[in-house]
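The structure under discussion appears below in the form of structure tokens.
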Amino acid sequence: MRPPRARDDLRDAWTFPFPGLSIARSPPEERPTFWTRALGDPPDVYGERLRARDDSFWRAIDPFRSKLGAALCKGLRVLPIPPRARVLYLGGATGTTASHVADLVGRKGAVYVVEKSPRSFQRLLGVARRWPNLYPLLADAREPRSYLPWVPPADTLYMDIAQPEQIDLALTHAKLYLRPGGGLLLALKMPSLRRGRPGEDLLGPAVKELSRAFELTRPIPLEPFHRGHHFLTGVYRGRE
Amino acid sequence: MAASPLLFLVGRDLYVLHPGENAPRRLRLSPEGRHAGRELLLPLLALLRGEAPRSGLGNVVGPLSSLRDGGPVQVADPGARAIAEALGLRVLEARSRVVAEARERLPPEAWEPDRELLLSAAEVGLEERLSSPEEVIITLSREGDRLERLLRKESEALGALSAAAGKQTPVAEYAAHAGEHVRSLEVRYRELTQALEEATVRKLPNASAVIGPRTAARLLSLAGSPAALLHLNASRVQVLGARRRKPGSPGPRHGVLYSAEGMDRVPPSRRGALARSLASWTVVALRADLLTEGSVGAELAERRERRVEALSHGRAVSRPARPEPEHRRTAAEPRTGPAPRGPKHERRPPRDEGGLPRPHGRRPPSRWERRGRPRR
């Protein structure tokens, strides 16, 4: 993947190993566990495993709950969530993954979380009160302009919305919010795109469409953690 | 395109980028202190939704009045559009690229997040969304179902407990306390059910008349929203809330319609039939409730009663039977009318098979088909 143009110093922060992410392998043959340093107090959000180290709590990312965690377990090697980044997070649900992303960007970063469902948002708001860098927005990601006044130009776009127009929304949001050279993380839910015939390739056209604006890495299938999902990462080339 | 000025909101400030200028100019909408109170938040939220503000435009009218005589203005977001329209300006939707470039020209301090404001805006917005009649019904319905499960468990436990308790033992004392607890739960459950039924009858009067308010509320909570409910067809309503079954097993006959009015008066073998009818009437009633505001509930409830009556006496039909057609052609008689079209084996004249007409005009299975496909 080509390194981001605007801030080359990010290049090291994007590639493995990632700052702010601790990896434990015990016993060594098992799959690794990824830990983020908790910013919130009390530190647990969804009943995840906790560990105290260096005067702070570290939270394990549950790959079965979080698509980001699953992608890390399946060998994600490019993570455009460096410290101090501004992240626009679409589809935050109850704040499971969003809180880990907020841990990764640290106190000087900010995560703007968009969630549509009022019931999920209730719990997200509870998490946001404890995480000083988490900003919740009760809005619909299918109307990208409705939260324009709240969200500054972003370094990273994280999308986890199971919608047929996922790809179009990624392109629209990138145009409106993402700075050139910014990162994309996209959990693509294939069954939501459309009802394909058995054995039909839905991923290929989606990747091709996205490649118009992003330089993508190889999609990571999230089996066995999440069925029918692929995780895509990429760099925004900029507005044409 | 670049010739018209661009309006956009950042937090609660309105910015204008005039053509030819390098940086956007800020116009403060509400000059009050940093931490807005609720009364300030409400107009702000309305603005973000794209509704024109009733007040707070005073300090904008002056700076923007120079735009009035010129051409159209470009707006980036629904809030800016509402302001521009309220001021009587001609409005164009700005292109994404224009918006993004204008926003990048702002100094970084313009983006310092007003956390207090954002959190209280989120709170107020959430409150607003959750206090609409349909969300009240959904919340109460889910809580009612939860309470029902809890009550069932608790009463079972209480039954076991009182069976085990002697007279003057600590167990008996504990059982008495547990009994109080269960009774207070029952009181709460009754109150909740009553509130739920009132809310549902108000929002969905026709559907409540057909299947009962409790079941109508369950349907709404399963669908998630009135719009989603309107998208359901009768066959979907019939099985809404049924458990997922193994592939290959017969499908479910009813979901939450099991708790509908009249279900308990019908023998179990006929409940699928009643669910089928109820589902189609429910769809009609829901459309009356949510679209036309007509009242069809009483008539549909009457039809339900007739159907329940018919099904509970072992007769499957509720409408008078159709008269038999006078004469039906048997397979042996020659066809009149146009020549039959279809697969070749059906176009051949029927073979004489001892005078027995074939049941559905289908070719009898060959010996190879009867035996099944040979195994490899």
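No lab work stands behind these numbers, since they all come straight from the coordinates. Because the structure is a prediction, the values reported are computed rather than measured. So basically every Cβ, Gly included, is an ideal-geometry build from the backbone, and we count neighbours across all protein chains shown.
Brief remarks follow.
- Using θ = phi - 60° and Karplus 6.51 cos²θ - 1.76 cosθ + 1.60, couplings along the stretch B:71-82 (whole Hz; Gly, Pro as x): x, x, 10, 9, 10, 9, 9, x, x, 4, 4, 4
- For A:L232, neighbours were defined as the other residues whose beta-carbon sits under 14 Å from its Cβ, and their charges (Lys and Arg +1, Asp and Glu -1) total +4.
- ³J(HN,Hα), Karplus 6.51/-1.76/1.60, whole Hz, each residue of the stretch B:134-145, x for Gly, Pro: 5, 5, 4, 4, 4, 4, 5, 5, 5, 5, x, 5
- Nonlocal amide H pairs with B:D77, under 5 Å, H built at 1.01 Å: B:L9
- FRET efficiency for the pair A:F64 and B:D69, taken as 1/(1 + (r/R0)^6) with r the Cβ-Cβ distance and R0 = 60 Å, rounds to 0.45.
- Under 5 Å, built H, 5+ apart or other chain: amide partners of A:G182: A:Y236
- Other residues lying with their Cβ under 11 Å from the Cβ of A:D44 contribute a combined charge of +1, Lys and Arg counting +1, Asp and Glu -1.
- Counting Lys and Arg as +1 and Asp and Glu as -1 over every other residue whose Cβ lies under 14 Å from the Cβ of B:R183, the net charge comes to -2.
- Dipole of the stretch A:71-175 computed with +1 at Lys/Arg Cβ and -1 at Asp/Glu Cβ about the Cα centre; of A:A141, A:S99, A:L76, farthest Cα towards the positive end is A:S99.
- Extension gain, B:E143 back to B:A163 (0.36 nm per residue minus Cα-Cα distance, nm): 4.2 nm
- With R₀ set to 51 Å, the beta-carbon distance separating A:R84 from B:S295 gives a calculated FRET efficiency near 0.25.
- Size of electric dipole in the stretch A:107-239: Cβ of Lys, Arg +1 and of Asp, Glu -1, about Cα centre, debye, nearest 20: 320
- Phi to ³J(HN,Hα) by Karplus 6.51 cos²θ - 1.76 cosθ + 1.60 over the stretch B:229-241, Hz, x for Gly, Pro: 5, 5, 7, 7, 9, 4, 5, 6, 4, 4, 10, 4, x
- In the stretch B:132-203, a dipole from Cβ-located charges (positive for Lys and Arg, negative for Asp and Glu) runs towards its positive end, and of B:V182, B:G144, B:A199 it is B:V182 whose Cα lies farthest in that direction.
- Classified by the C-alpha gyration tensor, the stretch A:20-65 has an oblate form. Its axis ratio a/c, with a ≥ b ≥ c, is 1.5 or above, and a/b does not exceed b/c.
- Between B:Q194 and B:N22, the FRET efficiency from the beta-carbon distance, with R0 = 56 Å, is close to 0.30.
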